[in-house]
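All remarks here apply to the structure that follows.
Every number in this text was worked out from the coordinates using simple rules, so none of it is lab data. Everything numeric in this text was worked out from a predicted model, so none of it was measured. FYI the Cβ positions are ideal-geometry reconstructions off the backbone, even for glycines, and counts take in every protein chain you see.
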Amino acid sequence: MFAMIKTVSLSSCRRMLNDSVNIKPKVLIMIATDPIGGPGKGVFQFLEHAPADAFEYVLCNFGLKNRPVGKFVDEARRKNLNLRLFEQRFAFDPHLIIQARRVIRECDINLIQTHGYKSNTIGFFLKLLCRVPWIGFAHGFIEESRKLRFYNRIERSVLRRADRVVAVSDSMKTLLTRHRVTAQRIRVIHNAIDPTEAVPSASGNEIRKRYGLTSGQKVIGVIGRLSREKGQLIFLRAMEKAARGLPSVKALIIGDGQDRAMLEGFCREKGLSEHVMFLGHQERIANYYQVLDLLVLPSLSEGLPNTVLEAMSFGVPVLATAVGGVPEIIQNGNGMIVPPNDPEALAERMIELLRDNALRQAIGMKGKNSLYPRFAPDNRARQIVSLYEELLSDRAKSRLTSKTAW
């Protein structure tokens with residue numbers, strides 16, 4: 001009997017789940033986001049590179065009643081994806097679970113995939129109500145407010161019940177196991193970078209002219225949400241020393257967030273305003289990599305930062321703190337790492353790299369060459385599809401075991 005169970009094939013799974021091998025299993029992908037951030041980019045990237053003949057996908061997003069949809073929904077519609085919108089009346093609306101359950105029944109969903117604390121919480125209830133295998137993605141946990149820390153506790157708690165949890169880095173897996181998520185259920189699947197996704201719409205010369213940057217100036221980029229955990233204040237403290245050693249250096253801080261006023265005030269107080277420019281959120285981030293001599297990631301915590309992968313894909317050398325999944329990207333001289341929360345060490349490496357053109361060029365080239373195939377979108381898509389097949393196989397084996405016992 002057990003030998004028979006062991007040899008169940010994927011086609012057997014499909015027959016048992018769909019009563020016909022001609023019907024592809026269906027996956028419900030749920031994400032709650034308005035902007036197209038890292039997780040949203042990852043969803044679109046996966047749907048672009050996933051094998052077309054293996055599974056069908058239903059993409060779900062949430063929207064507040066009487067509010068315009070966000071950029072994620074606009075992009076999903078532009079791509080003609082099979083999109084379903086759930087109407088949300090208030091923050092914790094249980095009606096979302098009812099709407100999701102209806103989609104599962106109407107579309108005959110075989111697998112659920114969720115991203116973020118809200119979607120992961122709904123995935124928990126759907127697994128209980130619908131008995132459908134559930135994969136929860138853990139991208140990272142933002143700790144910048146009491147509310148978000150509360151959401152993080154909920155998310156980590158519900159992920160303990162997921163059939164599989166995808167962690168974006170080995171360090172994220174370690175964190176999850178520390179919070180009692182079973183290690184055997186966790187699969188590490190790194191983020192990926194597609195060089196065809198980020199196409200500049202303006203030349204480097206245009207960007208330099210727009211912000212008054214001269215051809216001889218060295219330019220540092222710091223890209224990300226302006227919040228404590230992203231470490232921009234640590235960078236500005238390092239910038240004090242770097243600006244004394246390199247009077248013409250400029251820093252472009254790209255992104256927006258709750259700490260912007262505080263960071264701008266720090267620059268005024270320390271006389272850094274002529275060296276640091278706050279550009280806010282930028283849709284066409286690819287334009288800015290063209291003018292960067294160095295990308296600095298001064299974070300205090302990370303999952304697996306897409307910014308590092310993007311910079312490397314443009315050949316921009318990266319200097320980053322050794323947090324989260326960063327050491328899983330930066331290895332063997334394809335970037336530089338410093339300890340977190342150490343402005344002195346960060347400043348020393350910034351000065352060293354900006355003074356040495358050959359070193360920057362060598363690191364940038366190594367970084368670009370180190371991305372593929374390890375961080376290729378096709379590779380990531382295959383790993384996710386393999387996880388689907390694993391869950392379908394497990395479910396088919398379980399059903400066969402029940403029938404044999406009966």
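In nm, what is the difference between 0.36 nm times the number of residues separating A376 and R178 and their Cα-Cα distance?
Result for the pair: 68.4 nm of gain on full extension.
For the residue pair I23 and L359, what label-to-label distance in nm results when each label sits 7 Å from Cα along the Cα-to-beta-carbon direction?
Placing both labels 7 Å along Cα→Cβ, they lie 6.3 nm apart.
Taking 19 Å as the cut-off for C-alpha to C-alpha distance, list the pairs among K26/K127; K250/K366; K65/K118; K241/K270; K118/K147 that go past it.
K250/K366
Starting from the Cα gyration tensor of segment 204-369, take the square roots of the eigenvalues, sort them a ≥ b ≥ c, and report rounded, prolate or oblate (rounded when a/c is under 1.5, otherwise prolate if a/b is larger than b/c, else oblate).
rounded
Cα centroids of segment 265-293 and segment 156-198: how far apart, whole angstrom?
32 Å
How would T182, T33 line up from fewest to most surrounding beta-carbon atoms within 10 angstrom?
T182, T33
If you take every residue apart from V219 with its C-beta less than 9 Å away from the C-beta of V219, what net charge results, scoring Lys and Arg +1 and Asp and Glu -1?
+2
State the extension gain, in nm to one decimal, for the chain segment bounded by K147 and Q383, taking 0.36 nm per residue of separation less the distance between their alpha-carbons.
Length gained between K147 and Q383: 81.6 nm.
For a footprinting-style exposure proxy, rank H179, H95 by other Cβ within 10 Å, fewest first.
H95, H179
Taking the alpha-carbon distance from K368 and a cut-off under 21 Å, which lysines remain once sequence neighbours fewer than 8 residues away in the same chain are dropped?
Within the straight-line cut-off, K368 pairs with K41, K218.
Give me the aspartates and glutamates in straight-line cross-link reach of K71: C-alpha distance below 14 Å, same-chain residues under 8 apart excluded.
Reachable aspartates and glutamates: D34, E283.
Could you list which residues have their amide H under 5 Å from that of A251, counting only those 5 or more apart in sequence or on another chain, with H placed in the peptide plane?
I220, V276, M277
Just to be sure I understand: with springs between alpha-carbon atoms less than 10 Å apart, which residue in V166, V318, V219 has the highest mean-square fluctuation in the Gaussian network model of the chain?
Highest fluctuation among the options: V219.
Could you tell me the center-to-center distance, by alpha carbons, between segment 90-120 and segment 330-364 in angstrom?
44 Å
Could you tell me which residue out of S273, V338, A162 lies farthest along the dipole of the chain toward its positive end? Charges go on the beta carbon: Lys and Arg +1, Asp and Glu -1, centred on the Cα centre.
Going by the charge dipole, the pick is A162.
With no solvent and one point per C-alpha, what does the Debye sum give as log10 I(q)/I(0) for segment 147-203 at q = 0.22, 0.30 Å⁻¹?
Here log10 of I(q) over I(0) equals -0.82, -1.22.
Only Cα pairs under 8 Å and at least 6 apart count here; give the relative contact order of segment 137-210 as a rounded whole percent.
Averaging sequence separation for qualifying contacts and normalising by length gives 28 percent for segment 137-210.
Which residues in segment 154-197 place their backbone N less than 18 Å from a point set 7 Å from the Cα of L129 along the Cα-to-Cβ direction?
Answer for segment 154-197: 158-159, 161-163.
Would you work out the relative contact order for the chain, in percent, from Cα pairs under 8 angstrom that are 6 or more residues apart?
Over the chain, the number comes to 16 percent.
Would you mind ranking D259, D342, D74 by Cβ crowding within 10 Å, fewest neighbours first?
D74, D342, D259
With contacts defined as alpha carbon pairs under 8 Å and 6 or more residues apart, what's the relative contact order of segment 194-292 in percent?
This gives 40 percent for segment 194-292.
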